[in-house]
Amino acid sequence: MSQPSTGYTVGFAAGICLVASVFVSGAAVSLKPMQEANKVLDRQKKVLGVAGLMEKGEAITPDEIQKRFDENIIARLVSLESGLVVETADNGQTADEYDQLKATKDPALSIATPDNKAKVPRMAKLATVYCVKQDAGCDQHILPIEGKGLWSTMYGFVSVDSDANTIRGITFYQHGETPGLGGEIDNLDWQQKWVGRKVYNDKGSVAIHVKKGAAGKADVAPYSVDGLSGATLTSNGVTHSLDLWLGAQGFESYLSNVKSGKVKG
Ligand SMILES: Cc1cc2nc3c(=O)[nH]c(=O)nc-3n(C[C@H](O)[C@H](O)[C@H](O)COP(=O)(O)O)c2cc1C
């Protein structure tokens, strides 16, 4: 039997590659909306978790996540500069439509962050804050945080009580730290240690930090949390993230407005 020509073989291989690439890119494009929806759902689940609106290890359906989120949480747009709540972003988006992470990459909607240890190069001018509804106001303010760990940028939320100082919870929804080391930022027992600690000291400076070693209970160590063993670099990244996002570049003015009553909550 005669062998196929080189041209035929190359053409055949190229045809197979083309057909396969059409399938792969078609699948990637068609699955994108589902992936985006799952990301939103995962973030909503984290918000419910940090707000204490989900039991530890509770199995919850996507419909129940959506229902519980809608019943208990209101998203608000906050200007990091003024600390005030605004109705819409410059591009006309409402809090439910706005994507803070996308805005961070848009030069018109973000500003360069002064040199900072969290290594965050830009911050969106407007942040999405999740208010946990209570009567006509907010029982907790769930604030987005971000900063470099050892290997990755860690994205999460810290929940602050309506007293504008007491931490009600912390969680991370995206990072690439090592499981068992820096990845222990996902450990619910470690996250529980944050509850009841204070953000600001008597001078009004951000004092909360992750300590190397054991910190003790919140009543004796209001400003420090146990370090993650074997993961000091990730722990420091968490400290730096909080320093940035709860400080003057971040939510300091918003929380101050909450405290003074200028912002309802
Ligand atoms: C493969 C590998 C993965 C590591 N992953 C992390 C990590 O995710 N976070 C972290 O802080 N340290 C990680 N480390 C350890 C750091 O290099 C460093 O030793 C550690 O942060 C120091 O913390 P310690 O003072 O608590 O021991 C890793 C080390 C190795 C070899």
Exercise. Could you tell me, in Å, what Rg and Dmax come out for the Cα atoms of region 1-90?
Key: 24.8, 81
Practice problem: Bin width 5 Å, alpha-carbon pairs only: give the P(r) of the chain as whole percents, running from 0 to the bin holding the largest distance. | Solution: 1, 6, 11, 15, 17, 16, 11, 6, 4, 3, 3, 2, 2, 1, 1, 1, 0, 0
Quiz item: How big is the gap, in Å, between the Cα center of region 180-217 and the Cα center of region 140-177?
Solution: 11 Å
Exercise. Note the per residue figure in Å³ for the convex hull of the C-alpha positions in region 129-265.
Key: 99 Å³
Quiz item: Could you give the length gained on full extension between SER79 and LYS133, defined as 0.36 nm per residue of separation minus the Cα-Cα distance, in nm?
Solution: 17.4 nm
Practice problem: Measure of size requested: the Rg and Dmax of region 64-108, with Cα atoms as the atom set and Å as the unit; please supply both. | Solution: 12.4, 37
Quiz item: Just from its helices, what would the mean residue ellipticity at 222 nm be for the chain, if runs of 4 or more DSSP H residues each count -39500 (n - 2.57) and the sum is divided by every residue, rounded to the nearest 500 deg cm²/dmol?
Solution: -11000 deg cm²/dmol
Quiz item: Roughly how many whole Å is it from the C-alpha centroid of region 72-101 to that of region 103-119?
Solution: 17 Å
Exercise. Could you pull out every residue, at least 5 positions away or on a different chain, whose amide H is within less than 5 Å of the one on VAL86? Hs are placed 1.01 Å off N in the peptide plane, and Pro or chain starts have none.
Key: LEU77, VAL78, SER79
Quiz item: So what are the three principal axis dimensions of region 81-196 from its Cα atoms, in whole Å, longest to shortest?
Solution: 43, 37, 24
Practice problem: With 10 Å bins from zero, work out the P(r) of region 49-132 over every alpha carbon pair and list the percent per bin. | Solution: 16, 38, 29, 17, 1
Practice problem: Would you kindly enumerate the cysteines in the chain that have no other Cys beta-carbon under 4.7 Å from their beta-carbon? | Solution: CYS17
Exercise. Rank these for me by crowding, SER224, SER30, SER229, going from fewest to most other beta carbons within 10 Å.
Key: SER30, SER229, SER224
Quiz item: Taking 0.36 nm per residue of separation and subtracting the Cα-Cα distance, what length does fully extending ALA112 through SER30 add?
Solution: 26.1 nm
Self-check item: Relative contact order (%) - criterion: Cα under 8 Å, at least six apart; region: region 73-260
Solution: 20 percent
Quiz item: Hey, rough spin-label estimate for LEU101 and LYS67, points 7 angstrom out along Cα→Cβ, what's it come to in nanometres?
Solution: 2.8 nm
Quiz item: Listed highest first by mean packing, meaning other Cβ atoms within 10 Å per residue, what order do 134-144, 16-26 come in?
Solution: 134-144, 16-26
Quiz item: Mind listing the phi-derived Karplus ³J(HN,Hα) values for region 28-40, rounded to whole Hz, using 6.51, -1.76 and 1.60 with θ = phi - 60°, and x for any glycine or proline?
Solution: 4, 5, 6, 8, 4, x, 5, 5, 4, 5, 5, 5, 4
Quiz item: If each residue's Cβ is checked for other Cβ atoms within 10 Å, how do ARG122, ARG168 rank with the fewest at the top?
Solution: ARG122, ARG168
Exercise. Any aspartates and glutamates with Cα under 19 Å of the LYS67 Cα? List them, leaving off those in the same chain fewer than 8 positions away.
Key: GLU36, ASP42, GLU55, GLU58, ASP96, GLU97, ASP135, ASP139
Practice problem: For region 189-196, just list the computed ³J(HN,Hα) in residue order, Karplus coefficients 6.51, -1.76 and 1.60, θ = phi - 60°, integers in Hz, with x standing in for Gly and Pro. | Solution: 5, 5, 4, 5, 5, 6, 5, x
Practice problem: Quick one: net charge around ALA164, please, counting Lys, Arg +1 and Asp, Glu -1 for every other residue with C-beta under 13 Å from its C-beta. | Solution: +1
Quiz item: Can you list the HN-Hα couplings for region 139-145, worked out from phi with the Karplus curve (6.51, -1.76, 1.60; θ = phi - 60°), rounded to whole Hz and with x for Gly and Pro?
Solution: 7, 9, 10, 9, 10, x, 10
Quiz item: Which distance in nm do the two modelled labels at VAL40 and ALA59 give, with both placed 7 Å along the Cα-to-Cβ direction?
Solution: 2.6 nm
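Values quoted throughout were computed directly from the atomic coordinates according to the rules given, and no laboratory measurement underlies them. Predicted model only: the values in this text are computed from it and were never measured. Neighbour counts run over all protein chains shown; Cβ positions are idealised from the backbone, glycine included.
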